[in-house]
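Nothing in this text is a laboratory measurement; each read-out follows from the coordinates by a stated rule. Everything quoted here is computed from the prediction, not taken from an experiment. No Cβ is skipped: glycine too gets one built from the backbone with ideal geometry, and neighbour counts run over all protein chains shown.
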Protein chains: 2
Amino acid sequence: MTEDTLSAWRRAQAVCFSFDNTVTENDTLDLLAQHLGLGPEAAQVAEQAANGQLSTQDSLQRRLQLLNCSPQDILGFLDQHPPATRLAPGVEDLVAALQARGIVVYLASASSWELTAPIAQALNIPYAHVFADGMAWQETEAADGPRLVGFTRHEAASYASPQAEAVGKLRDMFPYQTLAFVGSGTTDLEAAQLAHGADIFIAYAGVVQHEAVVQGSDWSVRDFHEMARMLKKHKVACIGSGAWACAAVRIVAYNTLHNDPRDEFAKEVTMWVHEEEVNGRKLSEIINETHENVKYLPGVKLGDNVVATPDLLEAVSGADIIMVCVPHQFVHGICKQLQGHVSQDAIAVSLTKGMRVRPEGPQLISEMVRNYLRIDCSVLMGANIAQDIASEQLSEATIGYTILANAEVLKRVFETHYFYVTMVPDVAAAEMCGTLKNIVALSAGFVDGLAYGPNTKAAIMREGLQEMRQFCKALYPTVRDETFFESCGVADLIATCYGGRNRKVAEAYVKALMTDHPKTFDELEAELLHGQKLQGVLTSNEVQEVLRKRGWQDDYPLFTTTNRIVNGRLPPHAITAYRDCGIDGFDYPERADNPTSSQDGARADPLAVAAREREAQSK
Amino acid sequence: MTEDTLSAWRRAQAVCFSFDNTVTENDTLDLLAQHLGLGPEAAQVAEQAANGQLSTQDSLQRRLQLLNCSPQDILGFLDQHPPATRLAPGVEDLVAALQARGIVVYLASASSWELTAPIAQALNIPYAHVFADGMAWQETEAADGPRLVGFTRHEAASYASPQAEAVGKLRDMFPYQTLAFVGSGTTDLEAAQLAHGADIFIAYAGVVQHEAVVQGSDWSVRDFHEMARMLKKHKVACIGSGAWACAAVRIVAYNTLHNDPRDEFAKEVTMWVHEEEVNGRKLSEIINETHENVKYLPGVKLGDNVVATPDLLEAVSGADIIMVCVPHQFVHGICKQLQGHVSQDAIAVSLTKGMRVRPEGPQLISEMVRNYLRIDCSVLMGANIAQDIASEQLSEATIGYTILANAEVLKRVFETHYFYVTMVPDVAAAEMCGTLKNIVALSAGFVDGLAYGPNTKAAIMREGLQEMRQFCKALYPTVRDETFFESCGVADLIATCYGGRNRKVAEAYVKALMTDHPKTFDELEAELLHGQKLQGVLTSNEVQEVLRKRGWQDDYPLFTTTNRIVNGRLPPHAITAYRDCGIDGFDYPERADNPTSSQDGARADPLAVAAREREAQSK
């Protein structure tokens, strides 16, 4: 096999399999004839075709006529020869591996629809992707009903073979750049060699081996597993090595090694580490030696197949699934460094919470990645407390996607028996939820610090969820309510408001205020988070900037009240009075001017004109 | 005033007020003429009308023409005579009291739209409810613009007076059973006396008193507060005296006494107590003496205006707002006792969680109340941990309603500064949430008992919320997603899964299982709940009955798994494997049979026929 053939195989968008002696380990009509005790007669007809005395099509028609059987005979045959006894070894795995990569699989059969369909079903090939002619039946006086008289479409003038028809139709119907054909007989080779036929022809010699067919092929294989092994493997790289990045990488490393039934993932997972010294040694070296991030997720083995590197470009080299999981303030710089160094076949998935505030409005992390790297970017968001996931407690996440096929690959990268993954076609809401919930976690932390009960906390969280939803919809009109019922919405909010670090620091802030030694958020971050970043305060200030710029502060009373508490402008107990704090009676320099709303129903025009004039003069 | 008049006043669905000398304490056109220094001239025209030399309408037109002023003059007048200086005493309170009862208020003015509108706005009367003609203006060469030349519609042939027009239009447009007209002048009396005019005419003699008008009236008053006092007062009765009933009654008792700006509530609130002995005394007597339910909400004063009675019919006697707040298994019996003894003007509100399972399907408590008592029934649901509400911590609730006007009254009954109430037009979902969340609280309690972290608990709660939503929508197609974002949905779920009694008992159940002395739910209920009922187990069994009857068990894996744990058929740690427990590999007698799904794409007809025949024969 040449490099060109390998490359074409890896690029293939569709693969069409021949049926007899390729997908099956026998010729189905021969098998049926033997089943009916007509083996020798059928063999004679086949020989006439081999000698050139009969066309392939005529020989097929004759063989079917010769059988002259009833429908019950066919059912009996299918019962005695279920798909499992007819499939060639490894074909199931190969078809699954192709489909896993989004490659469309077709089946072209000369042995009638009725005999082919059970095999297609066993291989998960949709009936619409099967090319085969039906059996023609003739009514008789016999007790067991009609008799088989051949194929329904034998008369059609333009008809060469089902295989040739399949290739022709696929070329007509779809703009596949690369179409591969897999077969074992001369008819198969001819079909592939048609004008505008298949781009590569692969001879399968695992059942029968025709020297001419092997000679005419681009690649000859005796084992379907070889073809599967030559398919492209997805290689995953993770940008980031904080607690959540490590917990996620641990799942990915497990899945690529032990949970890869389609054999679609490269075993090695690379992880970019922002280098730092830990106990006098480089963190990346410690990880590679101990397979543990002793600083950010101590006590948890990441997997032997995780390779840490402090070199960003080395980390993404050869990767085609790129996880972004660094604090959001670093994403911009990282994207700029990666620009032009990422494969254009790659896809990205952001696990980062946060947004970038620019004068013209906020920008999602996924938007930034998409814009800089020019590749599709999904997001994985959800209730993700790193330590609990690392200890394999049941957790969930949501993939927000634009392209479903990419989300499906990502689901297989991330889902495991203790980590359930759902998918929603709503990147914006999934990502915004992951960001905004950190503000509500601060609000909830204040409630905890004040030792209020579950009613109050639930009321604050509910208002928080409402404001999250309102904010998402105000910025992204495509946002769906449904998304907020997913893990990235309500579940992440609950987990974060009960277990997250923002809640913890906010609670500590309130408790410290009640002592003689109040502490700032910066001090508490350093004291409690061991080098992790407190996202909530940053996010609160960024979101407030958006609200201020658009004059929306009064419409988000909980966000606004929380921001004022965070910045020391209101005491923590103001949180339960959020309905007032966001609106009136609190005089703050940053408060947006309310433009006087125009009175409705102003009927008297001259009066309205005079009123406007007077107003203009008084300015 | 006769009894008939009082009865009509209390029944009135709409009240139309005349403007000058009724709503205002002066004649507005006279006041405007004085403002422009034309008082005597205007008075002369008015006198001609009084002498019968001019029709009322012509006199109005003349008076406006006489003023011949500019738009700026009108603005100047309005500036110097703001609504507060023109309103008759008590009219604001009366209008608010009427509107509070859902009675529609109209305004019929002879003094031009421009002079009337500011008063309408001050009284919260929508502009659409104001009948008045606009000012007509004529362009001039003058620097200060056009000149006033009269009313826009003076020419209209059918035109008697704005008051008469208002009454005529209201009669044409709305089927009000009882329409009241309030005025002070002869034009007002004439308007009310039109054919099909007002049902009662009330003379307001607080500003001017025309003997003929008073004589012609059904009722003459000098103080609007008298009219307000004669309006019906809502009397609240509560059926039930458990912890939540007591916490709710405490709010209602406070609101009727101290938070009733519209003076619409009777001060006394009655509470039906299921009589029992506490320390050798009757509970109802203890409550009436100490104003405290020492058994179910000890240490909390309910309010001096709460009257407890063990007599059900006495409790609802004279009440027109009936709160139902008893364990759901008792509602049916209570409804049967109340049948025929409740005022048909009354409205009900259910605070009870649970449903009644009947062979034909579940029945909501609100449906049961509606069917037996033949009155509208809303529900009040939300995050309601009784003790926290009693200690005035911020809490929320949602009113699910069918009739908005009733919900608005109920909102005023229940809302107070620490108890926020929202309204949704979705009784079914609001009520079902209040019931179903108790099942999820059991699931969450199992998670707590097993000491799993917040991720797991959030994942379980989210699945619970999804199944709640799915179940509501399956039974009631009108259910709205929006409802689940309200307090009755997500907030109640959170509060109950962190603070409720079902969670507490489920946690204790798991912990007891781990010792040498496992306990049943009944034992734990008795031990931990001090006589309160554990709703969750009952609800779980009832809901499972519905799921089983309809063959839906596999579609609700968390509900089903929780029910199996509750009944000792699965160990508690099965909760995190709910995806499997609800579906496969668990052999339970009650499992619904899955009907074999029919294969798609059966193309070969004779074969399909043979297959069906064979299947039929084998049976």
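Using the Kyte-Doolittle scale, which helices in chain A average at least 1.6 and also have C-alpha atoms spread 27 Å or more along the helix axis, with helices defined as whole DSSP H runs?
none
At most 10 other Cβ atoms within 10 Å and a DSSP loop assignment: could you name the GluC sites (Glu not before Pro) in region B:65-143 that fit?
Listed in order of number, the matching sites are B:E139, B:E141.
Please give the direction-averaged projected area of the C-alpha convex hull for the protein assembly as shown, in square nanometres with one decimal.
67.7 nm²
What share of the DSSP beta bridges in chain B is antiparallel, in percent to the nearest 5? Mind dumping the intermediate values first?
Details: 15 of 58 bridges.
That works out to approximately 25 percent antiparallel.
Taking a point 7 Å out from Cα toward Cβ as the label site, list the nm distances between A:M514 and the same residue in every other copy, smallest first.
From this label point to the equivalent ones elsewhere in the assembly: 2.9 nm.
Can you compute the charge dipole magnitude of region B:236-425 about its Cα centre, using +1 on each Lys and Arg Cβ and -1 on each Asp and Glu Cβ, nothing else charged? Give it in debye, rounded to the nearest 20. Don't skip to the answer; put the middle values down first.
On the way: 15 positive and 23 negative charges, 100 e Å.
That gives region B:236-425 a dipole magnitude of about 480 debye.
Which percent, to the nearest 5, of DSSP beta bridges fully inside the protein assembly as shown are antiparallel?
Roughly 25 percent of the beta bridges in the protein assembly as shown run antiparallel, per DSSP.
Mind checking B:479-489 for the average number of partner chain beta-carbons within 10 Å of each residue's beta-carbon? If you can, show how the numbers build up before the last one.
Details: counts 0, 1, 5, 1, 0, 4, 9, 2, 5, 1, 4.
Per residue, the number of nearby Cβ atoms from other chains is 3 on average.
Find out how many positive minus negative residues lie around A:D199, taking Lys and Arg as positive, Asp and Glu as negative, among other residues whose Cβ is under 14 Å from that of A:D199.
+1
If contacts are Cα pairs under 8 angstrom and at least 6 residues apart, what is the relative contact order of region B:229-295 in percent?
36 percent
Could you check how many percent of all C-alpha pairs in region A:236-425 are farther apart than 22 Å?
In whole percent, the share of Cα-Cα pairs in region A:236-425 beyond 22 Å is 42.
Among A:N438, A:A46, A:L98, whose Cα projects farthest towards the positive end of the dipole of chain A, with charges put on the beta-carbon of Lys, Arg (+1) and Asp, Glu (-1)?
Comparing the listed Cα positions along the dipole, A:N438 ranks first.
Given Cα pairs under 8 Å that are at least 6 residues apart, what percent is the relative contact order of chain A? Walk me through the numbers on the way to the answer.
On the way: 1104 pairs, mean separation 55.1, N = 619.
Result for chain A is 9 percent.
For region A:29-171, take the alpha-carbon Rg, divide it by the Kirkwood Rh, and send me Rg/Rh. Please list the in-between numbers first.
Numbers: Rg = 16.2 Å, Rh = 16.5 Å.
Over the Cα atoms of region A:29-171, Rg/Rh equals 0.98.
Which of the lysines could be linked to B:K233 by a straight reach, that is with a Cα gap under 20 Å, when you skip same-chain ones fewer than 8 residues away?
Reachable lysines: B:K267, B:K411.
Could you point to the residue in B:V357, B:I286, B:V269 farthest towards the positive end of region B:236-425's charge dipole, with +1 and -1 charges on the Cβ of Lys/Arg and Asp/Glu respectively?
B:V357
Among residues other than A:E367 whose Cβ falls under 10 Å from its Cβ, what is the net charge (Lys/Arg +1, Asp/Glu -1)?
Local net charge: +1.
Once amide H atoms are built 1.01 Å from N in the peptide plane, which residues 5 or more positions from B:K519, or in another chain, come under 5 Å H to H?
For B:K519, the qualifying residues are B:L513.
Treating the point 7 Å from Cα along Cα-beta-carbon as the label, what are the nm separations from A:L194 to the other copies, to one decimal?
So the label point of A:L194 gives 8.4 nm to the other copies.
Rounded to two decimals, what ratio of Rg to Rh does region A:98-211 give with C-alpha atoms and a Kirkwood Rh?
That ratio is 1.02, to two decimals.
Summing Lys, Arg as +1 and Asp, Glu as -1, what charge do residues with Cβ under 11 Å from the Cβ of A:V213 carry, A:V213 excluded?
Around A:V213, the charge tally is -3.
What is the pair-distance distribution P(r) of region A:437-581, computed from all Cα-Cα distances in 5 Å bins starting at 0, with each bin given as a whole percent?
2, 10, 20, 24, 20, 14, 6, 2, 0, 0
Could you list which residues have their amide H under 5 Å from that of B:V424, counting only those 5 or more apart in sequence or on another chain, with H placed in the peptide plane?
Here the answer is B:I399, B:G400, B:Y401, since their amide H atoms fall under 5 Å of that of B:V424.
Which whole number gives the average count of other chain Cβ atoms within 10 Å of the Cβ atoms across peptide A:389-396?
On the way: counts 3, 0, 3, 0, 11, 14, 8, 7.
Per residue, the number of nearby Cβ atoms from other chains is 6 on average.
With just the Cα atoms of region B:290-384, tell me how far they stretch along each of the three principal axes, in Å, largest first.
Sorted largest first, the three principal extents are 45, 29, 21 Å.
Please report how far the C-alpha centroid of region B:206-272 lies from that of region A:489-505, rounded to the nearest whole angstrom.
So the separation of the two Cα centres works out to 46 Å.
Note the distances from B:T85 to each other copy's matching label point, with points 7 Å along the Cα-to-beta-carbon direction, in nm, sorted shortest first.
10.6
How large is the dipole of the protein assembly as shown about the Cα centre if only Lys and Arg carry +1 and Asp and Glu carry -1, each at its Cβ, rounded to the nearest 20 debye?
1500 debye
Could you work out the helix-only [θ] at 222 nm for chain B, with each DSSP H run of four or more residues adding -39,500 (n - 2.57) and the total divided by the number of residues, to the nearest 500 deg cm²/dmol?
Value at 222 nm, helices only, nearest 500: -14000 deg cm²/dmol.
Would you report the distance distribution of C-alpha pairs in chain A as whole percents per 20 angstrom bin, up to the bin with the largest distance?
All Cα pairs considered, the percentages come to 17, 36, 25, 17, 5, 0.
Near the amide H of A:F17, under 5 Å away, which other amide H atoms are found, from residues 5 or more places off or on another chain, if H is placed in the peptide plane?
A:Y106, A:L107, A:A108, A:V182
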